[in-house]
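Below is one structure; the comments refer to it alone.
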Amino acid sequence: MNVTAIDRKSIATCGTGSLTNAGAGLITRQPYIQSTSTTATTVVWGSSHGPGAVVLRDPDGTLVATAAAIYAGDAHRGKARLAAQHREGKELAADDIYVVKSELTGLEAGQLYCYQVMNGDIALTEPAPVTTAAGPRSPNPLRFIAVGDVGTGGAAQLAIYKRMLAEPFDLVLLLGDVAYDSGTAAQLESKFFAVYRDSMKYVPFYPAIGNHERRTRRGRPFLEAFVLPEPERYYSFNWGDVHFVAIDTTQPNTEQLTWLAADLTQNTLPWVVVFGHHPMYTNSLRGPQLAIRRAFAKIFTEHEVDLVLTGHEHQYERFRVADVNYIVSGGGGAQLTNFVGQSDALKQATHHHFLSFEVTAERLTMRAIDIAGDEIETLRLTKQGDAVQVKVDGTPDHTSTSVPAETRTVPDEKLHDEPDDDTQRKKLEEPRENRPPPSP
């Protein structure tokens, strides 16, 4: 089983969550955790028999809650999908998976619980661990992973995931393009859930929608697969001392920008991490997404956002504009792309990679780790009153990118789900020393 050390510790307390014999015949997508907060979490799975329930207990066996499951997919397709579960002689199509969810509420912050999927009195899974989000000023640092452009199902994606598992993490941020080429239900199943299902059983994955996901029914399979906070295409949540905001860069319209400004105004936590798909600054083949920059960047500056994480370009870059740190991290598995310049970036690296974070109320540390397990660089931000001290690889560094800050907010009503132009442009092959090692 592919799990982190922190997962193994909680598994020893609760159990692995493996399917029982009954569950093997009734569960069509293994359970996964979604939308965890300090007081709630959601268990989602594919069911061949309609709704069941989740039983939640303390590690000592005390019953905490029982939550009935409800259908979580497209309401117009529910009856047809349920009917498709038992068609003789036909394998169940990914688009016919009947996704259900159980919402568990009234929980305590930062607590380990054990959950089990049930069908009446019949256990469909063994117990499995789930931990609620920590509140502010938790005695333990928040640890999380961010990774972009993963969804190929190929060797680089699998190698990066293996490297991720060497790091402890409480949650994962996905920076878009989780299932190439079009975000269909079948691609989500084979290139995303099949890869990460062991980890998703215990920790929540929070995705930002990418342009590839928008290509199929404007992202409906993506939105059915993930159970996200409202309004789903963009949303926010808190964990520890961090306010996380997922943005939809595929359509930064007036409605979203109004929501974003209001959300950031209401935040009271010391750190703000925004994550989305298209980069606002990059020296890659396709260049910066200027319309998206004009929509978002001034809002980020005004609200003193600490980090903006994006993917789309398949490499690593770092920029600092008006004291906002912009990270381009699209190295999660897709084929790498070339740079066309270096003048604006503070750091560039053409490697498959992911980002590993550790955060307390006073300090945020980000390490960019490549496919070989080596660090591309370490960025450390430290809060000192109203000021933020910056270190890169242990050395103080307040260098800024030589690009003027945006002075206007211009909504963009266009839908950015057109075919990528990188299909016509030259790709950069992975350097030999960074290619995934052959399987033993």
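Does the stretch 5-26 hold any residues that are buried (at least 16 other Cβ atoms within 10 Å of the Cβ) and either within 24 Å of the chain's Cα centre (by Cα) or of a type in the set (Lys, Arg) (or both), and which are they?
Initially, the stretch 5-26 is screened for residues buried (at least 16 other Cβ atoms within 10 Å of the Cβ), giving 6-7, 10-11, 14-17, 19-20, 23, 26.
Residues satisfying the conditions are 6, 7, 10, 11, 16, 17.
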Checked against (1) surrounded by fewer than 13 Cβ atoms within 10 Å (Cβ to Cβ); (2) of a type in the set (A, V, I, L, M, F, W, C); (3) touching a Leu at 6+ places or on another chain (Cβ under 9 Å), residue 75 satisfies every condition except (3)
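Per-residue answers, yes or no, for (1) in contact with a Ser or Thr (Cβ under 9 Å, 6 or more places away or on another chain); (2) more than 27 Å from residue 160 (Cβ to Cβ); (3) not basic (Lys, Arg); (4) not in a strand (DSSP E or B):
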| position | (1), (2), (3), (4) |
| --- | --- |
| 356 | yes, no, yes, no |
| 365 | yes, no, yes, no |
| 373 | no, no, yes, yes |
| 377 | no, no, yes, no |
| 398 | no, yes, yes, yes |
| 404 | no, yes, yes, yes |
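Restricted to the stretch 240-259, and to residues that are within 24 Å of residue 41 (Cα to Cα) and not β-branched (Val, Ile, Thr), which residue is surrounded by the fewest Cβ atoms within 10 Å (Cβ to Cβ)?
Applying the filter and picking the extreme gives 259.
Can you pull out every residue in the stretch 231-250 that is over 18 Å from residue 303 (Cβ atoms), touching a residue at least 24 places away in the same chain (Cβ under 8 Å) and in contact with a helix residue (DSSP H, G or I) (Cβ under 8 Å, 6 or more places away or on another chain)?
231, 233, 250
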The strands (runs of 3 or more DSSP E) lying entirely within the stretch 1-89 that contain at least 3 residues which are in contact with a strand residue (DSSP E or B) (Cβ under 9 Å, 6 or more places away or on another chain) and of a type in the set (A, V, I, L, M, F, W, C) are 41-47, 53-57, 63-68
Checked pairs for the stretch 146-159, first under 15 Å from residue 313 (Cα atoms), second of a type in the set (Ser, Thr, Tyr) and in a loop (DSSP other than H, G, I, E, B), C-beta under 6 Å and 6 or more apart or across chains, list as 151/180; 152/180
**Prompt:** What about residue 386, is it out of contact with any helix residue (DSSP H, G or I) (no Cβ under 7 Å at 6 or more places or on another chain), in the same structural domain as residue 305 (by TED's automatic domain parsing), over 25 Å from residue 249 (Cα atoms) and at pLDDT below 95?
**Reply:** yes
With the first residue restricted to the stretch 170-193 and required to be closer than 17 Å to residue 353 by Cβ, and the second required to be surrounded by 21 or more Cβ atoms within 10 Å (Cβ to Cβ) and acidic (Asp, Glu), Cβ contacts under 9 Å at 6 or more apart or on different chains are 175/149; 176/149; 176/213; 177/149; 177/213; 178/149; 178/213
So the helices (runs of 4 or more DSSP H) completely within the stretch 165-239 holding 1 or more residues that are in contact with a strand residue (DSSP E or B) (Cβ under 9 Å, 6 or more places away or on another chain) and crowded, with 19+ Cβ neighbours inside 10 Å are 194-200, 220-225
From the option list 31, 51, single residue qualifying as assigned by TED's automatic domain parsing to the domain that holds residue 120, under 28 Å from residue 95 (Cα atoms) and either aromatic (Phe, Trp, Tyr) or at pLDDT 95 or above (or both) is 31
Test residue 110 against the criterion of being part of a loop (DSSP other than H, G, I, E, B), surrounded by 14 or more Cβ atoms within 10 Å (Cβ to Cβ), in contact with a Ser or Thr (Cβ under 8 Å, 6 or more places away or on another chain) and not hydrophobic (A, V, I, L, M, F, W, C), and give yes or no. yes
Just to be sure, is residue 403 over 28 Å from the mean Cα position of the chain (by Cα), under 22 Å from residue 329 (Cα atoms) and surrounded by 15 or more Cβ atoms within 10 Å (Cβ to Cβ)? yes
Going by the structure shown, is residue 143 under 25 Å from residue 172 (Cβ atoms), more than 22 Å from the chain's Cα centre (by Cα) and either assigned by TED's automatic domain parsing to the domain that holds residue 327 or surrounded by fewer than 20 Cβ atoms within 10 Å (Cβ to Cβ) (or both)? no
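Which ranges mark the strands (runs of 3 or more DSSP E) fully within the stretch 270-324 that have 1 or more residues being among the aromatic types (Phe, Trp, Tyr) and either in the same structural domain as residue 375 (by TED's automatic domain parsing) or within 21 Å of the chain's Cα centre (by Cα) (or both)? Even if it seems obvious, please write down each step before you answer.
Working: elements: 271-275, 307-310, 316-321.
It comes to 271-275, 316-321.
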When residue 288 is run through (1) crowded, with 19+ Cβ neighbours inside 10 Å; (2) closer than 27 Å to residue 71 by Cα; (3) modelled with pLDDT under 95, the failure sits at (2)
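Conditions (1) of a type in the set (S, T, N, Q); (2) in the same structural domain as residue 232 (by TED's automatic domain parsing); (3) over 15 Å from residue 97 (Cβ atoms), marked per residue:
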{"site": "18", "(1), (2), (3)": "yes, no, yes"}
{"site": "27", "(1), (2), (3)": "no, no, no"}
{"site": "44", "(1), (2), (3)": "no, no, no"}
{"site": "55", "(1), (2), (3)": "no, no, yes"}
{"site": "60", "(1), (2), (3)": "no, no, yes"}
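The values are calculated or read from the model by the stated rules, or taken from the named source; none is laboratory data. In this text, all values refer to a predicted model and were calculated from it rather than measured experimentally. We place every Cβ from the backbone using ideal geometry, glycine too, and count neighbours over all the protein chains shown.
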